[in-house]
Amino acid sequence: MLSRVRSIAILMWAWVSGVAVAAPLDDFAVEPVAPGHYVHFGSLDERTPANVGDQANIGFVVGEQCVAVIDPGGSLAVGKALAASIRRTTDKPVCFVVITHFHPDHFFGAAAFVAPGVQIITHDGYRRALNQRARPYLNALQRDLGDLARGSDIVQPTVTVKASHTIDLGGRILRLEAWPVAHTDNDLTVFDESTGTLWLGDLLFHQHTPVVDGSVLGFIKVLDTLAARPVSRYIPGHGRTTLPWPDGLAQERAYLQLLVRETRAALKARKGIEEAVDSVGQSEASQWSNFESFHRRNVTATYTELEWE
Ligand SMILES: [Zn+2]
């Protein structure tokens, strides 16, 4: 019944907007990337009713007793599609939902997994950061998705991580690590030592323009710490890559370093913020998707951060 209601809503949206579309998420797929690890690669497009907020790379890890979801996705519809993929893959229950950080494309699907005994785990800074943006995030979701946003909601964590924390899925231990300010001030990574698999959240972007919503200098520092770690496989928060570890960090690191270098030069030349935003990092435009939407904000954030050093 629910899916019928959703289909009708989608058909009405298609009719109102005058375009023919396949129902969103009808082709929602997960790919095995390591033993027990499954990833759904999100769209690189901006949020629209056609993708229902399915933009981030999300997935799950299966143990002998439990499943851990790693990011429930950008809307209730995405969370439900992920839950259905889990049911098709294993009969083990979801015991943990790990949210890598407070950006809407990663967390708004959490309501699909709320149930007695399910732990919702985030960085210690998540709750405070999200509470500051809760209203604008909800308004923007409603603006972009209309009725398709219904049921997507902010779910508060039941467990928060200050430094590190392990969860046991049965025969598989996942190590969660809370990072200092980088992409955001509440970035959490997930590492499975048994397969050497690292889920990076938005500490790593491929194809999609990286986003600085914390500290550009902190971001580079965290990438350098991560690069020294032994990792067999890794999952970026956006985009795909086949590069070996840690080579897959290099392009994002180079972009962030360019932001720092050219912003420092702009400050030294006494350029105002608007002039800096128009010039810094423009040589990177062809390298990344969504550059127009995110790059200018990154320069603004970098300028504000470096202005007083
Ligand atoms: Zn993010």
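Every number in this text was worked out from the coordinates using simple rules, so none of it is lab data. Since the model is a prediction, treat every value here as computed from it, not as a measurement. No Cβ is skipped: glycine too gets one built from the backbone with ideal geometry, and neighbour counts run over all protein chains shown.
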Among residues of segment 209-222 being part of a loop (DSSP other than H, G, I, E, B) and among the aliphatic types (A, V, I, L, M), the residue farthest from the ligand (Cβ to nearest atom) is Val212
Exactly one of Val94, Val98 is over 11 Å from Ile58 (Cβ atoms) and not polar (S, T, N, Q), and that one is Val94
Residue set Leu259, Leu226; condition under 17 Å from Leu203 (Cα atoms), crowded, with 20+ Cβ neighbours inside 10 Å and more than 20 Å from the chain's Cα centre (by Cα); output residue Leu259
Asp168 passes all but one of the listed conditions (1) within 13 Å of the ligand (Cβ to nearest atom); (2) surrounded by fewer than 16 Cβ atoms within 10 Å (Cβ to Cβ); (3) among the charged types (D, E, K, R); the exception is number (1)
Scanning segment 29-83 for residues that are of a type in the set (S, T, N, Q) and in contact with a Lys or Arg (Cβ under 9 Å, 6 or more places away or on another chain), the one surrounded by the most Cβ atoms within 10 Å (Cβ to Cβ) turns out to be Ser75
When Thr90 is run through (1) within 16 Å of the ligand (Cβ to nearest atom); (2) more than 14 Å from Thr184 (Cα to Cα), the failure sits at (1)
Problem - Residue within segment 277-296 that is free of Cβ contacts under 8 Å to residues at least 40 places away in the same chain and assigned to a loop (DSSP other than H, G, I, E, B) present - result: yes
Restricting attention to segment 223-233, the residues that are more than 16 Å from the ligand (Cβ to nearest atom) and either under 26 Å from Glu46 (Cα atoms) or small (Gly, Ala, Ser) (or both) number exactly 3
Within segment 178-213, of all residues that are buried (at least 18 other Cβ atoms within 10 Å of the Cβ) and of a type in the set (D, E, K, R), the one nearest to Val299 (Cα to Cα) is Asp213
Expected single match for acidic (Asp, Glu) and within 20 Å of the chain's Cα centre (by Cα) among Glu305, Glu275, Glu292 is Glu292
Flagged in segment 38-74 as within 24 Å of His165 (Cα to Cα) and among the β-branched types (Val, Ile, Thr), in numbering order, are Val39, Ile58, Val61, Val62, Val67, Val69, Ile70
Per the list (1) among the aliphatic types (A, V, I, L, M); (2) free of Cβ contacts under 8 Å to residues at least 60 places away in the same chain; (3) over 21 Å from Thr300 (Cα atoms), residue check on Leu169 breaks on (2)
Over segment 51-81, the set of residues farther than 25 Å from Pro210 by Cα and either within 16 Å of the ligand (Cβ to nearest atom) or among the basic types (Lys, Arg) (or both) is Lys80
Picked from segment 93-105 (must be more than 19 Å from Pro180 (Cα to Cα) and within 14 Å of the ligand (Cβ to nearest atom)), the residue farthest from the chain's Cα centre (by Cα) is Pro104
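To keep it simple, each residue is scored yes or no on (1) within 13 Å of the ligand (Cβ to nearest atom); (2) on the phi > 0 side of the Ramachandran plot.
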{"site": "Glu177", "(1), (2)": "no, no"}
{"site": "Ala182", "(1), (2)": "yes, no"}
{"site": "Asn186", "(1), (2)": "yes, no"}
{"site": "Phe191", "(1), (2)": "no, no"}
{"site": "Leu204", "(1), (2)": "yes, no"}
{"site": "Gln207", "(1), (2)": "no, yes"}
